[in-house]
Amino acid sequence: MIKKAVLPVAGFGTRFLPASKATPKEMLPIIDKPLVQYAVEEAINCGIKEIIFITSPEKHSIKKHFKTNKELELRLLNSGKEGMIEKLNPKKFSEIKFYYINQNEQNGLGHAVLQAESVIGNNSFAVLLPDDLFLSRKSCLEQLIDIYSQTKSSVIAVNEIDLKNIHKYGVIKPGKQNLGAIEIDDIVEKPLAKDAPSNMAVGGRYILNSTIFEHLKSTKSDKSGEIQLTDAIKSLLANEDIYAKVYEGEKFDCGSKEGFVHATISLALRDDSISEKIKKIIQDIV
Ligand code: G1P
């Protein structure tokens, strides 16, 4: 099955400056957990055993975060706070192999995914964009894996959105429904609302066959100079069926300030240790 996941985290995080000047935006916390850890846990909970970060040399704190810290564990143990150790180094991380590949140029999402080719080899793999936080009983990646296990084809998460926001996303042209998913007839990156083939926007979770790499290599940069994953997927569509799964659950776009705050409030309201107090604070403000 799907054992490897690629997490592109090399972006500058311009929208979160100055917070992202010295701290990678992926390390900014939603309550008490860095954003990137939500995506890593989603992957691990689906049986992923190898996590490949496509990163940049300045982002060493991501590497530090996923490394065991024996010294800190010992300190917690000696001060009677052993309950915190599992939070610090969850057992489920100990069996995972983490890779860190530097993306030396910022040439877009397609270029980032291509950097993982040598580690992925001939396997189908997952791509998780940590900016997108998905909350649902069955995780977004698991919903994709359900489709993949039946079709053995690439699968992409989509959700229906307001056309006024469609220019921020990859957008699919839906074909016929099959096995609880939609066959993709076409896909375009960030179209104007008037040109969008549907209101179905690509979310940051993909399962891709390794054949995508050949298409990534031949994909030309777009007018902003970036190699788009969407363009490579469009090219792959000429050879293979690719499915879209309409994601069932909540999605937060934590790459934007409003999405980040929305996620923070939503998660705070689900955290038993603070939810009542937060509710009261919100009521008082409103
Ligand atoms: C990327 C993809 C886009 C997708 C989006 C999901 O865009 O290029 O197709 O819809 O992620 O979050 P970005 O948000 O990096 O601009």
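Residues whose amide H lies under 5 Å from that of G170, counting only those 5 or more places away or on a different chain, are K190, V202; hydrogens are built 1.01 Å from N in the peptide plane. Counting other Cβ atoms within 10 Å as a rough exposure proxy, the listed residues M27, M84 run M84, M27 from fewest neighbours to most. For an R0 of 45 angstrom, estimate the FRET efficiency from the Cβ-Cβ distance between T23 and N122 and round to the nearest 0.05. That gives a FRET efficiency of 0.80.
Can you give the helix-only mean residue ellipticity at 222 nm for the chain, where every DSSP H stretch with n ≥ 4 adds -39500 (n - 2.57) and the sum goes over all residues, rounded to the nearest 500 deg cm²/dmol? Intermediate results must be reported in sequence, preceding the final value.
Values: 11 runs with 92 residues, N = 286.
That comes out to -9000 deg cm²/dmol.
Between S79 and E142, what is the FRET efficiency for a Förster distance of 45 Å, r being their Cβ-Cβ separation, to the nearest 0.05? Write down the numbers at each step before the final one.
On the way: r = 38 Å, r/R0 = 0.84.
Working from the Cβ atoms, E equals 0.75.
What separates the Cα centres of segment 248-286 and segment 162-211 is a distance of 28 Å.
In this Cβ point-charge picture (+1 for Lys and Arg, -1 for Asp and Glu), the chain has a dipole of about 620 debye about its Cα centre.
Evaluate E = 1/(1 + (r/R0)^6) for Q177 and K33, where r is the Cβ-Cβ distance and R0 equals 41 Å; express this FRET efficiency to the nearest 0.05. Walk me through the numbers on the way to the answer.
Working: r = 36 Å, r/R0 = 0.88.
Result of the calculation: an efficiency of 0.70.
Setting aside same-chain residues fewer than 8 positions from K138, which aspartates and glutamates have a Cα under 20 Å from its Cα? Those aspartates and glutamates meeting the cut-off are E41, E42, D146, E160, E248, E250, D253, D271.
Once you list every other residue whose beta carbon is under 10 Å from the beta carbon of T230, what net charge do they have if Lys and Arg are +1 and Asp and Glu are -1? Here the charged neighbours net out to -1. For the charge dipole of the chain, defined by +1 on Lys and Arg C-beta atoms and -1 on Asp and Glu C-beta atoms about the Cα centroid, which residue among L135, N178, F98 has the Cα displaced farthest towards the positive pole? Positive-most Cα among the choices belongs to F98.
Derived scalar couplings between HN and Hα for segment 152-166 equal 6, 10, 4, 9, 10, 7, 10, 9, 7, 10, 5, 4, 5, 9, 5 Hz in order, rounded to whole Hz, by the Karplus curve 6.51 cos²θ - 1.76 cosθ + 1.60 (θ = phi - 60°), x for Gly and Pro. Relative to the current alpha-carbon distance between I265 and E248, full extension at 0.36 nm per residue lengthens the span by 4.1 nm. Between the helical axis of 275-285 and the longest alpha-carbon principal axis of the chain there is an angle of about 80 degrees.
The length gained by stretching the chain between S235 and K97 to full extension, at 0.36 nm per residue less their Cα-Cα distance, is 46.6 nm.
Counting only Cβ charges, +1 for Lys and Arg and -1 for Asp and Glu, the dipole size of segment 171-224 around its Cα centre is about 140 debye. Think of the chain as having a plus end and a minus end, set by charges on the Cβ of Lys, Arg, Asp and Glu; of L229, Y148, H262, H262 sits farthest toward the positive end of this dipole.
Taken together, the values in this text are just the output of simple stated rules run on the coordinates, not laboratory data. These figures come from a predicted structure and were not determined experimentally. All Cβ positions, even for glycine, are placed from backbone atoms using ideal geometry, and neighbour counts span all protein chains on display.
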